[in-house]
């Protein structure tokens, strides 16, 4: 009898494994992903979760089709932050893709597991509200202290966060998000990079 859970799905099982440093081993994760009979497995070896781009993750996202199920050994193997993880799960839901984390027993192919999508969607929205509120409060406090802040930001933090949402949850490029929100692409890219280092 297999020690790994059975994942009932009509689509493919697409596994993803990651370790942060080159001297760590993927074996435990790969054993688990093979144990549930993944059809494909994508890997990032020696790549920090903090990196915005990971070749294995990017390739997996490009491969996914409606009805597939993404499988990981643990939640923290997928997202570089809790917000990034939440965004990915919202994207999966939007694209009709299921998600399973073996260690945490999360499986959105089950009725109870579908609640996970709603929880992470609510968390992503809540987290962005907190980021926007804290950013604006910080600027107001600095002004009251008499700090010289230079020119006002070219793009409001709310627009930056909405751009980040569309990129992460809907798979838009920065150029696509800039067109959607009617802002300059290079300005948006600069603001996204500045905000990401603080919050994402």
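Can you find a residue that is surrounded by fewer than 16 Cβ atoms within 10 Å (Cβ to Cβ), over 24 Å from residue 10 (Cα atoms), outside the structural domain of residue 193 (by TED's automatic domain parsing) and in contact with a strand residue (DSSP E or B) (Cβ under 9 Å, 6 or more places away or on another chain) anywhere in region 49-62? Yes: one or more hits. One residue stands out in region 24-33 among those that are touching a residue at least 12 places away in the same chain (Cβ under 8 Å) and surrounded by fewer than 16 Cβ atoms within 10 Å (Cβ to Cβ): the one that is nearest to residue 70 (Cα to Cα), namely 28.
This table checks each residue for (1) at pLDDT 80 or above; (2) part of a helix (DSSP H, G or I).
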| residue | (1), (2) |
| --- | --- |
| 115 | yes, yes |
| 136 | no, yes |
| 147 | no, no |
| 165 | yes, yes |
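Any residue at all in region 99-116 that's in contact (Cβ under 8 Å) with a residue 40 or more places away in the chain and under 11 Å from the mean Cα position of the chain (by Cα)? No.
The values are calculated or read from the model by the stated rules, or taken from the named source; none is laboratory data. Computed from a predicted model, the values in this text were never measured in an experiment. Cβ coordinates were reconstructed from backbone atoms using ideal geometry, including for glycine residues, and neighbour counts include every protein chain displayed.
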